[in-house]
Amino acid sequence: QVQLVESGGGSVQPGGSLRLSCKASGFTFSSFFMRWYRQRPGKERELVAAISPNNHIVAVESVKGRFTIARDNRENTVSLQMNNLEADDTAMYYCYANLFNDEYWGKGTLVTVSS
């Protein structure tokens, strides 16, 4: 079955960095878009970044220049390198895949940015 397992969250001070990773299994990873979403406290879940099978990247404006999405099709992983973190980046971060209109979410990894 399809599984998405996130890791790498934690607590960091403003200006710090974290690298999130999502290990995927149960489907042909290299054939599908992969996405990172986040849900900040009191807000709806929102797209952070997406990467196509051939590495075309989409990122929301608020994270451009700070966050980088990447994929490793040999390891079936998608990562999110987050630099210069801000308090407003505090959120639960989720890995997401849409496979022929079936949606799959990981359980999430918590990122807390606080001084």
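Counting heavy atoms of the protein chains only and a 1.4 Å probe, report the per residue accessible area for the chain as a whole number of Å². Don't jump to the answer; show the numbers that get you there.
Details: 6240 Å² over 115 residues.
Ligands and nucleic acids excluded, the result is 54 Å² per residue.
Please list, by residue number, every one of the GluC sites (Glu not before Pro) in the range 32-83 that is coil in DSSP and has at most 14 other beta-carbon atoms within 10 Å.
Working: sites: Glu44, Glu46, Glu61, Glu75; in loops: Glu44, Glu75.
Those satisfying the criteria are Glu44, Glu75.
Excluding residues fewer than 8 places away in the same chain, name every one of the aspartates and glutamates whose C-alpha is closer than 12 Å to that of Lys23.
Glu6, Asp72, Glu75
Of all chymotrypsin sites (Phe, Trp or Tyr not before Pro) in the range 74-115, which ones are in loop regions per DSSP and have a Cβ with at most 10 other Cβ atoms within 10 Å?
Numbers: sites: Tyr93, Tyr94, Tyr96, Phe100, Tyr104, Trp105; in loops: Phe100.
Hits after loop and neighbour filter: Phe100.
Rounded to the nearest 5, what % of the DSSP beta bridges within the chain are antiparallel ones? Please list the in-between numbers first.
Working: 37 of 40 bridges.
Here the share of antiparallel DSSP bridges comes out near 90 percent.
Only sites in a loop by DSSP and with at most 13 other Cβ atoms within 10 Å count here; which trypsin sites (Lys or Arg not before Pro) in the range 1-104 make the cut? All intermediate terms of the calculation are to be shown ahead of the outcome.
Numbers: sites: Arg19, Lys23, Arg35, Arg38, Lys43, Arg45, Lys64, Arg66, Arg71, Arg74; in loops: Lys43, Arg45, Lys64, Arg66, Arg74.
Those satisfying the criteria are Lys43, Lys64, Arg74.
Roughly how big is the chain's charge dipole about its Cα centre, with Cβ charges of +1 (Lys, Arg) and -1 (Asp, Glu), in debye to the nearest 20? Walk me through the intermediate numbers first.
Working: 12 positive and 11 negative charges, 29 e Å.
That gives a dipole near 140 debye.
Within the accessible area of the range 22-89, what % is carbon and sulfur when the probe is 1.4 Å and the other protein chains stay in place?
On the way: 1650 of 3570 Å².
Its accessible area is 46 percent carbon and sulfur atoms.
The values are calculated or read from the model by the stated rules, or taken from the named source; none is laboratory data. Bear in mind the structure is a predicted one, so any value in this text is a computation, not a measurement. Every residue, glycine among them, receives a Cβ derived from its backbone with ideal geometry; neighbour counts consider all protein chains shown. Note: areas computed on protein heavy atoms with side chains; ligands, DNA, RNA excluded. Shrake-Rupley method; radii C 1.70, N 1.55, O 1.52, S 1.80 Å.
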